[in-house]
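Right, one structure below, let's go through it.
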Amino acid sequence: MAAGRPPAPPVRAVALIVTEREAEGARLAAALAAAGLAPIRVESHEAALNALDRHSIDALVARLRSPRIRGLQLVALARERQPHLGAVLIIDKGEEEQATQAMRRGVSDFVARPVNADKVAAAILQALERQRLAAELERARRRLELRFGLAGLIGDSGAMIALSSRIREIAPLECPILVTGEAGTGKSLLARVIHQHSLRRSGPFGVCDCEALPPRLAPGELFGPPAGGRGAARPGRLQLADQGTLHLRQVASLPKDLQGRVAEVLQTGMLRPGLAREPLEVRVRLVASSRTGLDGLVGEERLHEGLYALLCGAHIALPPLRHRRRDIPLLACHFLGELAEGDAPPAIDAEALDLLEAYSWPGNVAELQATMRQALLQSGGSGRIRARDLPADIRHPRTRGDAVVVPLGSSLEDAEKRLIEETMRMTAGNREQAAKILRVSLRTFYRKLKRLGIVDATSN
């Protein structure tokens with residue numbers, strides 16, 4: 001059933017009411033008109049098809065089944081004429097299972113008899129809002145692709161437009177790139193997008209997780225084992241990425257001497273695999289990423305000076321999801337569309353959408369994706385995501401100051417950064433007060449701000 005507070009449509013949308021019951025049709029028409037819609041009433045299947053041919057219809061209200069109306073068939077025929085039309089079915093007792101199946105096939109909602117006309121109006125408004133979100137998602141995709149040639153990025157916020165412009169600017173260059181951002185912001189996706197829009201797009205794209213590399217295995221993994229050693233015939237990651245792009249995840253986890261060797265390969269174009277092996281010529285572009293901000297990497301001296309000199313000229317900082325809330329509905333719809341695997345994606349109730357937009361998303365886009373997967377399972381194939389399908393942390397967020405939520409799997413550095421950011425937000429940017437709450441000296445607090453790359457924790 002319809003839930004939450006559906007927004008009024010931006011224009012006077014046209015709703016087609018199909019019922020042979022005159023009094024019911026009159027009540028529905030009055031409720032839809034009061035909600036700002038333009039109702040058209042007909043009493044049969046054939047009259048409905050005639051109206052669809054003559055008018056631009058935004059939403060359809062029809063009986064699921066009656067002697068003169070075949071609701072599911074009518075919805076299918078209506079969608080052939082007007083693909084983005086929203087549909088709400090009126091059902092009788094005992095038809096709930098058929099109605100649920102209808103929602104899996106793309107029907108927006110159903111309302112059971114006795115009909116509450118206001119509920120029908122609310123369901124229509126929610127269907128129109130879902131249409132608007134779907135259209136906005138498609139427009140955002142097209143804008144990014146047409147304006148910047150970037151497929152795969154989702155969002156219409158100022159932060160995403162600025163990010164897309166920056167990618168468009170530096171992707172065609174040959175210089176190494178440093179991508180920074182909190183866990184879950186999409187650094188791996190961005191590395192692939194950069195490769196796909198570079199001059200090396202036809203070459204290989206390799207990934208190496210430096211954080212997961214044991215130090216004793218790292219030299220052979222990156223540069224290739226020495227002659228005569230185990231796996232001597234196996235090339236290293238740099239050689240495998242020749243004429244393409246190599247993404248080094250968590251680059252600061254790589255020992256500094258190996259960072260220096262990577263910088264040497266980039267500068268000279270020559271790879272020295274190991275002792276007693278001849279140097280190889282390789283041309284590879286590096287995309288390095290880190291959860292630590294650039295200032296933090298520099299302040300802690302976690303980058304080899306040679307590698308830092310190569311990376312600092314092309315730096316992309318990915319914004320956390322809480323700084324681009326406008327993109328949350330678009331991303332949620334996008335993930336549900338992917339999870340639907342070709343079927344009609346479930347709709348998101350207005351109340352659930354409000355909760356998604358209000359949540360702080362410490363795990364960023366990755367957490368939102370996992371949340372939509374969980375919500376889809378909780379919905380039980382009903383064709384709709386309701387507030388009750390969302391995790392408890394989102395339905396019942398802690399009040400500010402109660403706790404700082406850090407997703408499982410985050411590093412200690414991520415947890416510390418999140419704690420400081422939330423404390424700064426709680427104190428409205430008062431650093432002295434924040435330092436007292438965290439029980440550190442002001443001098444230590446300033447050092448932590450610089451190391452973690454926290455510039456303005458009170459924004460947004």
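Starting from the range 181-192, take each residue that is under 17 Å from GLU169 (Cα atoms) and list its partners that are of a type outside the set (Ser, Thr, Tyr) and not in a loop (DSSP other than H, G, I, E, B), counting only C-beta distances under 6 angstrom and pairs at least six apart or across chains.
Partner pairs satisfying both residue conditions: LEU190/VAL179; ALA191/HIS247; ALA191/VAL287.
From the list VAL88, VAL115, which residue is modelled with pLDDT of 80 or more and either in a loop (DSSP other than H, G, I, E, B) or of a type in the set (Ser, Thr, Tyr) (or both)?
Numbers: VAL88 fails: either in a loop (DSSP other than H, G, I, E, B) or of a type in the set (Ser, Thr, Tyr) (or both).
The match here is VAL115.
In the range 407-426, which residues are at pLDDT 70 or above and outside any helix (DSSP H, G or I)?
If the condition is that a residue be at pLDDT 70 or above and outside any helix (DSSP H, G or I), then SER410, SER411 are the ones that fit.
Just to be sure I understand the filter: pairs with C-beta atoms under 7 Å, separated by 6 or more residues or on different chains, first member in the range 363-378 and at positive phi, second member crowded, with 22+ Cβ neighbours inside 10 Å and in a helix (DSSP H, G or I). Which pairs pass?
Matching pairs, first to second residue: ASN364/LEU321.
Kindly provide the set of residues from the range 212-227 that are in contact with a Lys or Arg (Cβ under 7 Å, 6 or more places away or on another chain) and not in a loop (DSSP other than H, G, I, E, B), ordered by number.
Listed by number, the residues that qualify are GLU221, LEU222, PHE223.
If you go through the range 45-75, how many residues are within 24 Å of ARG12 (Cα to Cα) and part of a helix (DSSP H, G or I)? First the steps, then the outcome.
Taking the range 45-75 first, the residues within 24 Å of ARG12 (Cα to Cα) are 47-63, 74-75.
Narrowing further to those that are part of a helix (DSSP H, G or I): 47-54, 74-75.
The qualifying residues number 10.
Can you give me the ranges of the helices (runs of 4 or more DSSP H) entirely in the range 266-382 with at least 1 residues that are within 16 Å of the chain's Cα centre (by Cα) and closer than 23 Å to ARG168 by Cα?
Details: elements: 294-299, 305-311, 328-340, 350-358, 364-378.
Output list reads 328-340, 364-378.
For residues that are surrounded by fewer than 21 Cβ atoms within 10 Å (Cβ to Cβ) and at pLDDT 90 or above, scanning just the range 299-309, find the one that is nearest to LEU190 (Cα to Cα).
Keep residues of the range 299-309 that are surrounded by fewer than 21 Cβ atoms within 10 Å (Cβ to Cβ), which gives 299-302, 305-306, 308-309.
Subset that is at pLDDT 90 or above: 305-306, 308-309.
Details: GLU305: 25, GLY306: 24, TYR308: 20, ALA309: 22 Å.
Residue satisfying both the conditions and the ranking: TYR308.
Identify all residues within the range 171-190 that are in a helix (DSSP H, G or I) and either surrounded by fewer than 18 Cβ atoms within 10 Å (Cβ to Cβ) or of a type outside the set (A, V, I, L, M, F, W, C) (or both); write none if there are none. Lay out the reasoning, then the answer.
Start the filter on the range 171-190 by keeping residues that are in a helix (DSSP H, G or I), which leaves 187-190.
Listed by number, the residues that qualify are LYS187, SER188, LEU189.
ARG234 fails exactly one of the following numbered conditions: (1) crowded, with 17+ Cβ neighbours inside 10 Å; (2) modelled with pLDDT under 90; (3) charged (D, E, K, R). What is the number of that condition?
Just one mismatch for ARG234, condition (1).
Where residues in the range 325-353 are charged (D, E, K, R) and under 26 Å from SER410 (Cα atoms), which of them is modelled with the lowest pLDDT? Step through it out loud before you land on a result.
Step one: of the range 325-353, the residues charged (D, E, K, R) are 325-327, 338, 341, 343, 349, 351.
With under 26 Å from SER410 (Cα atoms) added as a condition, the list becomes 325-327, 338.
On the way: ARG325: 90, ARG326: 88, ASP327: 90, GLU338: 85.
Filtering first and then ranking leaves GLU338.
The values are calculated or read from the model by the stated rules, or taken from the named source; none is laboratory data. All values derive from a computational prediction rather than experimental measurement. Cβ coordinates were reconstructed from backbone atoms using ideal geometry, including for glycine residues, and neighbour counts include every protein chain displayed.
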